1. Just give me the residues in segment 60-90 being surrounded by fewer than 17 Cβ atoms within 10 Å (Cβ to Cβ), modelled with pLDDT of 95 or more and among the small types (G, A, S), in sequence order.
2. Tell me which residues, restricted to segment 77-120, are assigned to a helix (DSSP H, G or I), touching a residue at least 60 places away in the same chain (Cβ under 8 Å) and of a type outside the set (A, V, I, L, M).
3. Could you grab me the full set of residues in segment 91-104 that are of a type in the set (V, I, T) and surrounded by 20 or more Cβ atoms within 10 Å (Cβ to Cβ)?
4. If you go through segment 137-155 one residue at a time, do you hit one that is more than 19 Å from P36 (Cβ to Cβ), surrounded by fewer than 18 Cβ atoms within 10 Å (Cβ to Cβ) and touching a residue at least 12 places away in the same chain (Cβ under 8 Å)?
5. Within segment 107-124, is even one residue closer than 20 Å to L11 by Cα and buried (at least 19 other Cβ atoms within 10 Å of the Cβ)?
6. So R35 clears everything in (1) over 21 Å from L142 (Cα atoms); (2) touching a helix residue (DSSP H, G or I) at 6+ places or on another chain (Cβ under 7 Å); (3) charged (D, E, K, R) except one condition, right? Which one?
7. Could you list, in sequence order, the residues of segment 125-134 that are surrounded by fewer than 18 Cβ atoms within 10 Å (Cβ to Cβ) and either closer than 27 Å to G33 by Cα or of a type in the set (S, T, N, Q) (or both)?
8. Of the residues in segment 41-60, how many are among the aromatic types (F, W, Y) and over 15 Å from the mean Cα position of the chain (by Cα)?
Amino acid sequence: MLWILVAASALHVVEEHALGWQGWATQAFTRIGVRPTWTDFWATNAALVVIGVAAAATGWRAPAFALALPAVCIINALLFHVLPSATARRINPGCLTAVALYLPIAAWCYIEAGNAGVLGAGALLGSIAIGALMMAAAIALLALGARRGYPDEPA
């Protein structure tokens, strides 16, 4: 199921791109002084896929790390798609796959970890902490790049 979540992540990236993530993100992140670029989009999503592959390959040998992928997907779905879409009363890019794929598949991952006997309090809390740190790092790097980084050159 972790591999299925990696595949769902790829579909999520396609939806975000197709529905204009950069335009939406520019409006959404203006309050923290960030104007995300398509380069930011691709770099962040490449990192997500690499971490997702590493998490799936690691599996239950390191459940807190493996379950960080479902944690990041749940955090992303709720805080970056469902909540902003509800607030704006308009679905944002990625909301459809976040609700239809991320939430149920991520929940399934936690259920399967429980069935496999590897979902103790440490794995649960560790996965949430790692997932939250991953999302916070992505936002922090966007903000840092906006203040200290070099802008993209026009194509």
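1. Correct list: A62, A86.
2. T97, Y102, W108, C109, E112
3. T97
4. Looking through segment 137-155, none of the residues is more than 19 Å from P36 (Cβ to Cβ), surrounded by fewer than 18 Cβ atoms within 10 Å (Cβ to Cβ) and touching a residue at least 12 places away in the same chain (Cβ under 8 Å).
5. Taking every residue of segment 107-124 in turn, at least one turns out to be closer than 20 Å to L11 by Cα and buried (at least 19 other Cβ atoms within 10 Å of the Cβ).
6. R35 satisfies all of (1) over 21 Å from L142 (Cα atoms); (2) touching a helix residue (DSSP H, G or I) at 6+ places or on another chain (Cβ under 7 Å); (3) charged (D, E, K, R) except (1).
7. Result: A129, A132, L133.
8. Selection size over segment 41-60: 1.
The values are calculated or read from the model by the stated rules, or taken from the named source; none is laboratory data. Predicted, not measured: the structure shown is a model, and the values here were computed from it. We place every Cβ from the backbone using ideal geometry, glycine too, and count neighbours over all the protein chains shown.
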